[in-house]
């Protein structure tokens, strides 16, 4: 079991797919999740393995990296 498996169960329940997923991670336990997501972000302070998997890098979590990316994505400044 891993996070991507659980999320896949929810996506199936809601009749959605990976194209609807934006995921953020910082540790190796997020690797499967980021591989599954259409929009994958490793935090700037993420593990080296996760940085290799993610499509993009979000600012450090101490700099509100997730919030920064979501505001930009949604056009909120």
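Read-outs: derived from the displayed coordinates by stated rules, not from any lab. On a predicted model such as this, the values are computed, not experimentally measured, just so you know.
Among the listed options [x] 19, 46, 25, 9, 0; [y] 14, 31, 25, 16, 10, 4; [z] 21, 47, 29, 3, the one matching P(r) over Cα pairs in 10 Å bins from 0, in percent as calculated from these coordinates is [z].
Normalising the average separation of contacting C-alpha pairs (under 8 angstrom, six or more residues apart) by the number of residues puts the relative contact order of the stretch 3-74 at 23 percent.
Taking the C-alpha atoms only, the angle from helix 65-74 to the longest principal axis of the chain is near 70 degrees.
Between the stretch 14-43 and the stretch 49-77, the alpha-carbon centres lie 12 Å apart.
You can think of it this way: the chain between residue 49 and residue 20 has 8.1 nm of extra reach, that is 0.36 nm per residue less the Cα-Cα gap.
The angle separating the long axis of helix 3-13 from the principal Cα axis of greatest extent in the chain is about 50 degrees.
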